[in-house]
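Structure, as C-alpha cells:
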Amino acid sequence: MASVERLRRETSIDLVRGADVLLMLFVNEMAGVRGTPAFLLHKAHDVDGMTITDVVFPAFLFITGLAIPFALGGRLRRGDTGGVWRHILTRTIALLVMGVLMVNAERPGTGGVISPDLWNVLMSVGVVLVWLAPPRDGPGRGQPWLRIAGAVLLVALLFLYRSRDATGLVQIRPQWWGILGLIGWSYLVAASAYVLARDRPAVLLAVAALLYCVYLADEAGRAGWLAALAPYFRVGRIMASHSAVAVSGTLLGVMLLRHRQAGGSARTLVPPALGYAAGLAAAGFLLHALHGLHPAFWVNKVLATPPWCLLSSALTAACWAVIFVLTDVKGWRRWPKAVSIAGENALLCYLMAPFLLSLFALSAPLFGGNNFYEKLGESTVIGFVRSTVFAWVVVRLCGRLRDAGVRMQL
C-alpha cells in the first residue's frame, strides 16, 4: 500500500512539473511571434504586475522544492546524511555550470572559430554526455568514456567561445547565471534547509520568512555585507526570494509526506493544502498593499519581489491540489502522455529546445538562407500553431530519447 501511495503522490508532482514545462516551451516560442497577446509575454521590468508567463519560472522552483522531501527523505531516514550533502552539492554545481553555459550561448559575439549556433549544438551534446544517467537495465560499460568525451568537448568549447563584451582566452562569464543557475542556487538553499529542519513545517516556514527578510534588507541597501556584495552578486534577487519559493514548496512536500506516513486518506489532505495556498496568496496581497512605498513590494518577476513569489507559489500550490484531487481522490489516470514525459524529463526538455532552434538556424543555407521556423512566427495564428507543435515535438523527442536509454542524472 505504501508503494502505491508513493507512486500516486509523486505522479501528481510530475504532472504539475510536466504541465509547467510544456507551458514554458510554448510561451518561450510565442515570445518570437509577431502580435503575441500581452498575457503570453513577460511584463516589463518596470511594471507592477504579472502574466501567466511570469508564473512559469517560480512554479518550477516551487515544484523543485515540493519534490525535495521525496528525493532526500528516504536517504536521511536511512542515516546517509553525508551522501545527501554530496548529492546536494554536486547537483547544485551541475546546474550552475549548465546555467552559465546556456546564458552565454544566448549572448554570443562574433569572430569565433565556429558559429554561435554550432557552439550551442555542441555544448548541448557535451552537457548530455557528461550528465548521462546509467542504463536502468544493466551496467553502462561505455559510460565513463562518454562522460570523458563530453567533458573534453565542453573544455574545448570554453576556449572556442567568443563573447560580446568579454576578452581573454576564456570569455565565458557567469552574467546572471541563467535559469538553470538560479534553480541551482534555490535548490541548494531549499535542500539544505530540509536536511537541517527535516519534517518540521514550522521551521521551514520560518526559513521562508527569513529569506524574504533577507531580500528586503538587500533591496533597502542597509545591510553591510549584502550591500558590499551587491555589485557582484545580488543575494536578495538571485538567492533569497527564489529560494523562499522553493522552501515554500518543500513545506508542502513535508505536509504531503507526513500525511502519507500517518496513513490518512487522500481526501483529507486537500483542505490543508488549499488553506496553505490561500495563506500564501494572502501574504502576497498584504505585501503588495505596500507597493507605493518601494518597488520591492511590486508584483515583478525581474526584481524577484516577495509578492510575485508568494502569489506564484499560491497559484502553483492550488494547481497541485487540483491535480492531486484528480489523481488521488478521483483516481483519474488518463493524462496526456506529453505531460508525463515532460515531467519526467524536464532538464532534457529544457536543453532540447535551444538545441533544435540552433539546428534550424544551421539548416538555413540549405533553403537559400531562409530560416523557415522564424518565418512562421511572422503570423500570429501560424506562430501560435508553430509554438504549440514545437513544444509537443520537444517533449516527444525527449520521450523517444528516454526510451532509447538517453536520460540525464544530476
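Readers should treat all values here as calculations from the given coordinates under stated rules, not as data from a laboratory. Please read all numbers here as calculations on a predicted model, not as lab measurements. We place every Cβ from the backbone using ideal geometry, glycine too, and count neighbours over all the protein chains shown.
A few remarks follow.
- Qualifying lysines (Cα of each under 28 Å from Cα of Lys375; at least 8 residues distant if same chain): Lys43
- Set of aspartates and glutamates near Lys301 by C-alpha distance (under 13 Å), chain-local residues within fewer than 8 positions excluded: Asp46, Asp48, Asp54
- Using a simple spin-label model with pseudo-atoms 7 Å out from Cα toward Cβ, Ile52 and Val385 lie 2.0 nm apart.
- Comparing Ala206, Ala191, Ala244 in a Gaussian network model of the chain (Cα springs below 10 Å), the most mobile by mean-square fluctuation is Ala206.
- Under the criterion of Cα pairs below 8 Å and six or more residues apart, the relative contact order for the chain equals 28 percent.
- For Met408, the residues whose modelled amide H falls within less than 5 Å of its own, excluding neighbours fewer than 5 places apart on the same chain, are Ala133.
- Reducing segment 287-312 and segment 41-88 to their Cα centroids gives an inter-centroid distance of 20 Å.
- In sequence order, calculated HN-Hα J values of segment 25-40 (Karplus, 6.51, -1.76, 1.60; Hz; x Gly/Pro): 4, 5, 5, 4, 6, 5, 4, x, 9, 5, x, 4, x, 4, 6, 9
- Using the Cβ-Cβ distance between Thr110 and Leu293 with R0 set to 41 Å, the FRET efficiency works out to roughly 0.35.
- Proxy reagent accessibility, fewest Cβ within 10 Å first, across Asp20, Asp199: Asp199, Asp20
- Evaluated over segment 270-365, the Cα radius of gyration and Dmax, each in Å: 19.1, 58
- Close amide H partners of Ser163, meaning residues 5 or more places away or on another chain with modelled amide H under 5 Å apart, are Gly109.
- Net length available on complete extension from Ala220 to Arg396 is 58.7 nm, with 0.36 nm assigned per residue and the Cα-Cα distance removed.
- Global geometry of segment 61-219, whether rounded, prolate or oblate, following the gyration tensor of its Cα atoms and the 1.5 cut on a/c: oblate
- Ordered by the number of other Cβ atoms lying within 10 Å of each residue's own Cβ, fewest first, Cys398, Cys349 fall into the sequence Cys349, Cys398.
- Karplus-derived HN-Hα couplings along segment 147-158 (A = 6.51, B = -1.76, C = 1.60, θ = phi - 60°), whole Hz, x at Gly and Pro: 5, 5, 4, x, 5, 4, 4, 5, 5, 4, 5, 4
- For Val33, Val245, Val47, order by how many other beta-carbon atoms lie within 10 Å, fewest first: Val47, Val33, Val245
- Three-way shape label, segment 136-287, alpha-carbon gyration tensor, a/c 1.5: oblate
- Summarising the label geometry, the points placed 7 Å from Cα in the beta-carbon direction at Glu374 and Ala206 lie 5.5 nm from one another.
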